[in-house]
Amino acid sequence: MSRFRCERARAAPAWWTFWWVVACTAWHIHGAADAAEPVRFNRDIRPILSSRCFACHGRDENHRKSGLRLDVRDNALNAAESKAIPITPGKPESSELIRRIFSTDRDEMMPPADSGKNLTAAEKELLKQWVSEGAEYEPHWSLVPPMRVQPPIVKQTQWPRNPVDNFVLVRLEREGLRPSPAAEPATLLRRLCLDLTGLPPAAHDVSAFQRELAAADIADAKAGDRNQRAAERVYASWVDKLLASPHYGERMAVDWLDAARFADSNGYQVDRDREMYAWRDWVIAAFNANQPFDQFTIEQLAGDLLPNATLEQKIATGFHRNHMLNEEGGIIAEEFLAEYCSDRVETTAAVWLGQTFTCTRCHDHKFDPFTQRDYYGLYSFFHNVPEGGIGNYGANIRRNAPPMLKLPSPEIEAKIASLNRELDEVKKSLAALQDAKNPEHVRLTERVAALNKQIDEIDLQIPTTLVMQELPAARVTRILMRGEYNKLGDEVTANTPAALPGMSPDSPKNRLGLARWIVDLRNPLTARVTVNRLWQSLYGVGLVRTAEDFGTQGEPPSHPELLDWLATEFVRTGWDVKAMLRLMVTSSTYRQSARSNPSLLQRDPENRLLARGPRFRLQAEFLRDQALAVSGLLSSKLGGPSVRPYHPPGLYEQVVAGSSANTYVVGTGDELYRRSLYTYWKRSVPNPAMLTFDAPFRETCVLRRPRTNTPLQALNVMNDPTYVEAARFLAQRMVREAGNTAAERVRHGFQLTLARSPSAAEQAILVAAFERARKDFENDPTAVAELLKVGESPSDTVIEPVELATLATVAMTILNLDETLTKE
Amino acid sequence: MPNSLAFQQALSRRLFLSSSSTSIGAAALACLLGRDARASAGGSPTPAPHFHPRAKTIIWLTQAGAPSQLDLFDYKPGLKDRFDQDLPESIRNGQRLTGMTSGQKRFPVAPSTFKFRQVGESGIWLSEALPHTARIADRLCVIRSLYTEAINHDPAMTLLQTGHQIAGRPSLGAWLSYGLGSENNNLPAYVVMISRPSGPTNAQPLHERMWGSGFLPPRHQGVRFNPGRDPVLFLSNPPGISTERRRKMLDDVVALNRIKLADYQDAEIQARIDQYELAFRMQAAVPELADLSHEPKSVFENYGPESHKLGTFAANCILARRLAERGVQFIQLYHRGWDQHDNLPSGIKSQCYDTDQPTAALIQDLEQRGLLDETLVLWGGEFGRTVYSQGTLTSTNYGRDHHPRCFSMWMAGAGIKPGHVHGETDEYSYNVTRDPVHIHDLNATVLHLLGINHTRLTYRHQGRDYRLTDVHGEVIKDVLA
């Protein structure tokens, strides 16, 4: 797609070579510290100081106790207010810090007895060892540029397919673990399809994949190098096919919509609708076109400021209009303008920098090297939008929150142009008439009014989308003391955080300059944060578990060298998202079976070491999409206005504003069966099934959904008409597409859903279920009729109702299986 | 002694879980019951309680839209003589105005048209608009000195519920679910019920976030109980699927999941099996709970004429008592419609018709069943209302705008000093003059009554340890029995 063409040449800059030359000569493995191994600050010491000490002895001047700061070595080595020397390198016995942490005197011990922040004996020993060894500090890992080391040498040289595997395997070998065997082909294909498109494989895809693999196996019988094998080419071709599917963009958009806090309503108080689907469709298209991530970033943050910005580039800037908008009558505009700008700062910092800026709205960060001045420096970039702090509640939702873009169809444009031409002519004739009492004058005046009204009405039929624009003259930005809109402090100018490499001097000090700085190769964070989220989307947990926090309070990476290697690779390939995913999913690591065993489960319950394949419950959207897909109900339509699928009666009406006329009107036809990312998202009452399965409210940026397990989820899949109707349609496919026996039919239903055949034991349970239900329903025609009525789409009348109802219950059982709800 | 009983139960929960925490089942159960999985793995299933709780259950009767303190609880006899006089600038003292009255030229004092009288042995002053509440006055502790920072509904309700004006933090109920887990194995720890006003009032909207879990795991969010066939979403089996059929289908699901578990040995599969069993038990427990048909006639007489209608505040009050009886820990009712910017006298009457009698009946009902000792009941809204009239003032009609600087609430039951008034406002009910109580103080006190030190119930999010009361909050000692 040409509209995502990237104009920038992709020559590697000179400094790029830096990463290559630092490649390690001797691979060193770091594990937990033991007596034989020196303590390392970032790995061993910083987490302790950060969580127990920095709140009172860190960056924040206002809360610093006793004038002591421990986050800067020079300060920690010099006398505090008490005259005592906190740290004397090499001499724990003359270091006040060590004395105090080992003290048992309640008045002296640190952290204080009442702080609830105790140190374990092991932690105390570590601190002591660190001081003995010289109390060396290191800058926080994520603020140091990623270092590209050569993929380590491993013992099992046959296992790695690409460098990802070397990094994973070397760790496993050190831990004395072995990787798991590869997953069965069908299981792997289902995993791949769910990961790359959010949809299960179609039945014919499963058989084609297996057929191609079987053919490849014959060819490979005489092949040598694994990467040259035909089977590898088969797998790679399926990866490419899925990455080229239009559903890839839909799948990728889901995570991005959480990050962008996208919704179809304004969020505050009356929570009126907004129209933003053009932006959402832009995201899908951008992923499908594999727009490089740096360009993807620049267009969303500052597309409007690009030279000769296209319509699409302007639509892209809706990213930072997705925040909530207040239309409540009594509010003060300035107060909410401050909220919107703050939201943009915090969202930008979280999405691209993996940093938590919320703290710095009111004070300097207690743990990370960011200041309140940094916050308002960023704020200033987002403060120049010609927007009101309050939405215009009296206006139509297509006019209430400028700046907005109109997106007319050519037909509407032509119609309005023709009406305007007529209006001009009538006005001309009117001007020629002097006498206001002339009947012709009266007629023409009425005509003008009628035409204006008509134009206005048609104008309101034009879809719109919220966008960013820049005021001609920048607003003055002042620090808001304690973050409050009316407590103005020092004036600040637009700038990037001081602890990170600065903007290039020739860069404009506006959103465009900021966007370019974010994807500047010197920025140590953006690439790491982004590849970590891609990893998270496949494995359920990132290499850095706290995907939203790469600061000192976040978790350090499980595989630091791998994270850095991926980050540098991402940049090297021109921020190519599809290439990065291809690299990840073609690795041996990804292709492992998800089977576990008691010792592995005990050793690594969360699979952070990756000795097995990923296995976790599907995201809310993909659960529903899967049921629609396997039943054949799913609409494949891409994009367009959000739709209203089934919604429990009364739920919406209980809480929304206004009269009883404000009701949820369930959509019709295809609207009931669109992919879940198109479901109307009202922030005050989002689709309950989405919430039940851990989707966020979309009020603020979310980069990592929790995964919980509640009985409400079971009730949802068992009883929601969405799933009951899907079961009925899956049953129809069992009848139409399989043979006449119960065994053939239940096998087919199982195969359609799980991409594999049931084992003999599984089939026996399903056949017994079929026979039991069949007998039961033969004596209960009312129940049959009732069950078949659930859902809007009528059943195929050719199929015998008792058979259909019976198979529908079997289908319900299949749709509720753990394996169905899970990606494995 | 009921207080120590509650603590014993909390302890036995803890022991039960820690003694079996090595098995997969215990972790799964902990997860399903709303406990933090990591906490349970460490031997301590929940972060709280920290000390002996006074209360086992909370019933929070949230009056959404902000009821007027001047017409219900905060008697200002002196205002009669100041009818239609301008509010002195010295009293207003720079208070910010909402966009709804900032255009007004005058701020004329509007005395309440409701008569006040001293009720009960305690002699608390109460408006004639609350005749039934008058009957339970000696059980109440009225706080007249609450204040908040927010001046508009959305931020104020969000602050009241989550301790912060801006969306994104967990609600009180979610904190409790996280802190204390669930008492009842078949019901959620936090239940929410909503009623719309019977009168023609324009009801302020509510948001799911008000009972949301914020950054806590979503299993802690309030579960809405709805009137009608499915009190809990998707509770009923689909038409044509009887309980017997469901049970057999579930047996098949379990059998198939067991095959999978044997093959994959993933603890999540066991958790899934438990999840479906618990859902099945809920399918029995919730309808039993929501079925009011076996309640005696006298109950409906006590809770008033609206209690027959599903989904009313009165019917929800009966349900609240039934939930409390079954060990649901936090029961929150919302009644909408208290936003009387105009026609306040008739609007308040209509709101009191909806709420007054059922509220009094609930307190008496709890007391008769011996539950009031272990149940904390709260009644109030998100802020107060102005002494000056919004819009035209006549001797019989007026409206009142939003007022954050002072408002009234009451608490009753477990651990609360009965028949007591805390705090005082000036002669205009405009400023607090004695014992100010911030929302954070209120929340600190509620947590205290549940055995929780509000500074110690924390959750790490984005690198910071968050708590309901942020860095504020003092327990209001004077309201404690």
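Could you pull out the residue among B:479, B:432, B:446 that is more than 14 Å from chain A (Cβ to nearest Cβ), among the β-branched types (Val, Ile, Thr) and surrounded by fewer than 22 Cβ atoms within 10 Å (Cβ to Cβ)?
On the way: B:479 fails: surrounded by fewer than 22 Cβ atoms within 10 Å (Cβ to Cβ); B:446 fails: surrounded by fewer than 22 Cβ atoms within 10 Å (Cβ to Cβ).
Being more than 14 Å from chain A (Cβ to nearest Cβ), among the β-branched types (Val, Ile, Thr) and surrounded by fewer than 22 Cβ atoms within 10 Å (Cβ to Cβ) holds for just one of B:479, B:432, B:446, which is B:432.
Which residue, of A:813, A:809, A:782, A:822, is touching a strand residue (DSSP E or B) at 6+ places or on another chain (Cβ under 9 Å) and within 11 Å of another protein chain (Cβ to nearest Cβ)? Spell out how you get there, then give the answer.
Values: A:813 fails: touching a strand residue (DSSP E or B) at 6+ places or on another chain (Cβ under 9 Å); A:809 fails: touching a strand residue (DSSP E or B) at 6+ places or on another chain (Cβ under 9 Å); A:782 fails: touching a strand residue (DSSP E or B) at 6+ places or on another chain (Cβ under 9 Å).
Answer to the selection: A:822.
Given the conditions (1) surrounded by fewer than 21 Cβ atoms within 10 Å (Cβ to Cβ); (2) within 7 Å of chain A (Cβ to nearest Cβ); (3) in contact with a Gly (Cβ under 7 Å, 6 or more places away or on another chain), which single one is not true for residue B:184?
Failing condition for residue B:184: (2).
What number of residues in the stretch A:237-292 are assigned to a helix (DSSP H, G or I), of a type in the set (Lys, Arg) and either surrounded by fewer than 23 Cβ atoms within 10 Å (Cβ to Cβ) or within 14 Å of another protein chain (Cβ to nearest Cβ) (or both)? If you could, list the steps in order and put the result at the bottom.
Pass one, the stretch A:237-292, residues assigned to a helix (DSSP H, G or I): A:237-243, A:246-259, A:277-288.
Imposing the further condition that a residue be of a type in the set (Lys, Arg) reduces the set to A:241, A:251, A:280.
In the following step, the residues that additionally are either surrounded by fewer than 23 Cβ atoms within 10 Å (Cβ to Cβ) or within 14 Å of another protein chain (Cβ to nearest Cβ) (or both) were identified as A:241.
Here the count works out to 1.
Any residue in the stretch A:312-319 that is modelled with pLDDT of 95 or more and part of a loop (DSSP other than H, G, I, E, B)? Spell out the reasoning first.
Of the residues in the stretch A:312-319, the ones modelled with pLDDT of 95 or more are A:312-319.
The next check asks that each one be part of a loop (DSSP other than H, G, I, E, B); those that pass are none.
Within the stretch A:312-319, none of the residues are modelled with pLDDT of 95 or more and part of a loop (DSSP other than H, G, I, E, B).
Only residues that are touching a Lys or Arg at 6+ places or on another chain (Cβ under 6 Å) and under 30 Å from residue A:699 (Cα atoms): list them for the stretch B:205-251, please.
Scanning the stretch B:205-251 gives a single hit, B:214.
For (1) out of contact with any Gly (no Cβ under 9 Å at 6 or more places or on another chain); (2) of a type outside the set (D, E, K, R), each residue gets a yes or a no:
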residue	(1), (2)
B:377	no, yes
B:393	no, yes
B:398	no, yes
B:405	no, no
B:420	yes, yes
B:428	no, yes
B:432	no, yes
B:460	yes, no
B:480	no, yes
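Against the definition (in a helix (DSSP H, G or I), more than 11 Å from every other protein chain (Cβ to nearest Cβ) and of a type in the set (Ser, Thr, Tyr)), how does residue B:307 come out, yes or no?
Working: in a helix (DSSP H, G or I): yes; more than 11 Å from every other protein chain (Cβ to nearest Cβ): yes; of a type in the set (Ser, Thr, Tyr): yes.
Answer is yes for this residue.
Among the residues of the stretch B:234-243, is there at least one that is crowded, with 21+ Cβ neighbours inside 10 Å, more than 8 Å from chain A (Cβ to nearest Cβ) and touching a Phe, Trp or Tyr at 6+ places or on another chain (Cβ under 9 Å)?
No, the stretch B:234-243 contains no residue that is crowded, with 21+ Cβ neighbours inside 10 Å, more than 8 Å from chain A (Cβ to nearest Cβ) and touching a Phe, Trp or Tyr at 6+ places or on another chain (Cβ under 9 Å).
Please work out which residue is surrounded by the most Cβ atoms within 10 Å (Cβ to Cβ), limiting yourself to the stretch B:318-343 and to residues that are assigned to a helix (DSSP H, G or I) and out of contact with any Phe, Trp or Tyr (no Cβ under 6 Å at 6 or more places or on another chain).
In the first step, residues of the stretch B:318-343 are kept if they are assigned to a helix (DSSP H, G or I); the result is B:318-325.
The next check asks that each one be out of contact with any Phe, Trp or Tyr (no Cβ under 6 Å at 6 or more places or on another chain); those that pass are B:319-325.
Working: B:319: 22, B:320: 28, B:321: 22, B:322: 17, B:323: 24, B:324: 24, B:325: 14.
Selected residue: B:320.
Would you tally the residues in the stretch A:496-535 being surrounded by fewer than 22 Cβ atoms within 10 Å (Cβ to Cβ), of a type in the set (S, T, N, Q) and touching a Leu at 6+ places or on another chain (Cβ under 8 Å)?
Total meeting the criteria: 2.
Answer yes or no as to whether residue B:300 is within 13 Å of another protein chain (Cβ to nearest Cβ), in a helix (DSSP H, G or I) and aromatic (Phe, Trp, Tyr). Before you say what the answer is, go through the steps one by one.
Working: within 13 Å of another protein chain (Cβ to nearest Cβ): no; in a helix (DSSP H, G or I): yes; aromatic (Phe, Trp, Tyr): yes.
Spelling it out, it is not the case that residue B:300 is within 13 Å of another protein chain (Cβ to nearest Cβ), in a helix (DSSP H, G or I) and aromatic (Phe, Trp, Tyr).
Within the stretch B:373-381, is there a residue that is at pLDDT 95 or above, on the phi < 0 side of the Ramachandran plot and assigned to a loop (DSSP other than H, G, I, E, B)?
Within the stretch B:373-381, the first condition is being at pLDDT 95 or above, and the residues that meet it are B:373-381.
Going one step further and asking which of them are on the phi < 0 side of the Ramachandran plot, we end up with B:373-379, B:381.
Narrowing the set further to residues that are assigned to a loop (DSSP other than H, G, I, E, B) leaves B:381.
Yes, the stretch B:373-381 has at least one match.
Out of all the residues in the stretch A:589-615, which are away from chain B (no Cβ under 12 Å), surrounded by 19 or more Cβ atoms within 10 Å (Cβ to Cβ) and either part of a loop (DSSP other than H, G, I, E, B) or β-branched (Val, Ile, Thr) (or both)?
The answer is A:589, A:590, A:591, A:610, A:611.
Give the stretch B:453-481 a look and list any residue that's of a type in the set (A, V, I, L, M) and in contact with a Phe, Trp or Tyr (Cβ under 8 Å, 6 or more places away or on another chain), or say none.
Applying the first criterion (of a type in the set (A, V, I, L, M)) to the stretch B:453-481 yields B:457, B:468, B:471, B:475-476, B:479-481.
Once the filter is applied, which keeps residues that are of a type in the set (A, V, I, L, M) and in contact with a Phe, Trp or Tyr (Cβ under 8 Å, 6 or more places away or on another chain), the stretch B:453-481 yields B:457, B:468.
Looking only at the stretch B:89-105, count every residue that is in contact (Cβ under 8 Å) with a residue 40 or more places away in the chain and either touching a Ser or Thr at 6+ places or on another chain (Cβ under 9 Å) or surrounded by 13 or more Cβ atoms within 10 Å (Cβ to Cβ) (or both) and tell me the total.
Start the filter on the stretch B:89-105 by keeping residues that are in contact (Cβ under 8 Å) with a residue 40 or more places away in the chain, which leaves B:91-93, B:95-98, B:100-101, B:104.
This time we only want the ones that are either touching a Ser or Thr at 6+ places or on another chain (Cβ under 9 Å) or surrounded by 13 or more Cβ atoms within 10 Å (Cβ to Cβ) (or both), so: B:91-92, B:95-98, B:100-101, B:104.
The qualifying residues number 9.
Report the residue count in the stretch A:688-715 for those that are more than 16 Å from residue B:213 (Cα to Cα) and either surrounded by fewer than 24 Cβ atoms within 10 Å (Cβ to Cβ) or in contact with a strand residue (DSSP E or B) (Cβ under 6 Å, 6 or more places away or on another chain) (or both).
Counting residues in the stretch A:688-715 that are more than 16 Å from residue B:213 (Cα to Cα) and either surrounded by fewer than 24 Cβ atoms within 10 Å (Cβ to Cβ) or in contact with a strand residue (DSSP E or B) (Cβ under 6 Å, 6 or more places away or on another chain) (or both) gives 1.
Within the stretch A:349-357, is there a residue that is in a loop (DSSP other than H, G, I, E, B), touching a residue at least 12 places away in the same chain (Cβ under 8 Å), touching a Lys or Arg at 6+ places or on another chain (Cβ under 7 Å) and on the phi < 0 side of the Ramachandran plot?
No.
For residue B:154, all conditions in the list (1) acidic (Asp, Glu); (2) without any contact (Cβ under 8 Å) to a residue 24 or more places away in the chain; (3) within 14 Å of chain A (Cβ to nearest Cβ) hold save one; what is the number of the exception?
Going through (1) acidic (Asp, Glu); (2) without any contact (Cβ under 8 Å) to a residue 24 or more places away in the chain; (3) within 14 Å of chain A (Cβ to nearest Cβ) one by one, residue B:154 breaks only (2).
Could you please find all residues in the stretch A:745-772 being hydroxyl-bearing (Ser, Thr, Tyr) and either touching a Gly at 6+ places or on another chain (Cβ under 8 Å) or more than 11 Å from chain B (Cβ to nearest Cβ) (or both)? Explain how you work it out, then say what you get.
From the stretch A:745-772, those hydroxyl-bearing (Ser, Thr, Tyr) are A:753, A:757, A:759; that's our starting set.
A:753, A:757, listed by residue number.
Here's a check for you: in the stretch B:269-291, which residue that is more than 7 Å from every other protein chain (Cβ to nearest Cβ) and of a type in the set (D, E, K, R) is farthest from residue A:187 (Cα to Cα)? Walk me through it before giving the result.
Step one: list which residues in the stretch B:269-291 are more than 7 Å from every other protein chain (Cβ to nearest Cβ), which gives B:270, B:273-274, B:277, B:280-281, B:283-291.
Imposing the further condition that a residue be of a type in the set (D, E, K, R) reduces the set to B:274, B:277, B:281, B:288, B:291.
On the way: B:274: 25, B:277: 27, B:281: 33, B:288: 43, B:291: 46 Å.
Per the criteria, the residue is B:291.
Of all residues in the stretch B:187-212, count the ones that are part of a loop (DSSP other than H, G, I, E, B) and more than 9 Å from chain A (Cβ to nearest Cβ).
Going through the stretch B:187-212 one residue at a time, the tally reaches 7.
With the requirement that a residue be within 21 Å of residue A:582 (Cβ to Cβ) and under 29 Å from the mean Cα position of the chain (by Cα), what does the stretch A:133-159 give you?
A:146, A:148, A:151
Residues checked against (1) more than 7 Å from every other protein chain (Cβ to nearest Cβ); (2) within 28 Å of residue A:268 (Cβ to Cβ):
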position: A:680; (1), (2): yes, yes
position: A:690; (1), (2): yes, yes
position: A:693; (1), (2): yes, yes
position: A:700; (1), (2): no, yes
position: A:707; (1), (2): yes, no
position: A:714; (1), (2): no, no
position: A:725; (1), (2): yes, no
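If you take the residues in the stretch A:785-806 that are more than 17 Å from residue A:631 (Cα to Cα), not in a loop (DSSP other than H, G, I, E, B) and not β-branched (Val, Ile, Thr), which one is nearest to the other protein chains (Cβ to nearest Cβ)?
Among those residues, the one meeting the criterion is A:786.
Which number in (1) surrounded by fewer than 21 Cβ atoms within 10 Å (Cβ to Cβ); (2) free of Cβ contacts under 8 Å to residues at least 24 places away in the same chain; (3) touching a Leu at 6+ places or on another chain (Cβ under 6 Å) marks the one condition that residue A:558 misses?
Result: residue A:558 passes all but (2).
The values are calculated or read from the model by the stated rules, or taken from the named source; none is laboratory data. The structure presented is a predicted model; accordingly, all values stated were derived computationally and were not measured. Heads up, the Cβs are rebuilt from the backbone with ideal geometry, glycines too, and the neighbour counts pull from every protein chain shown.
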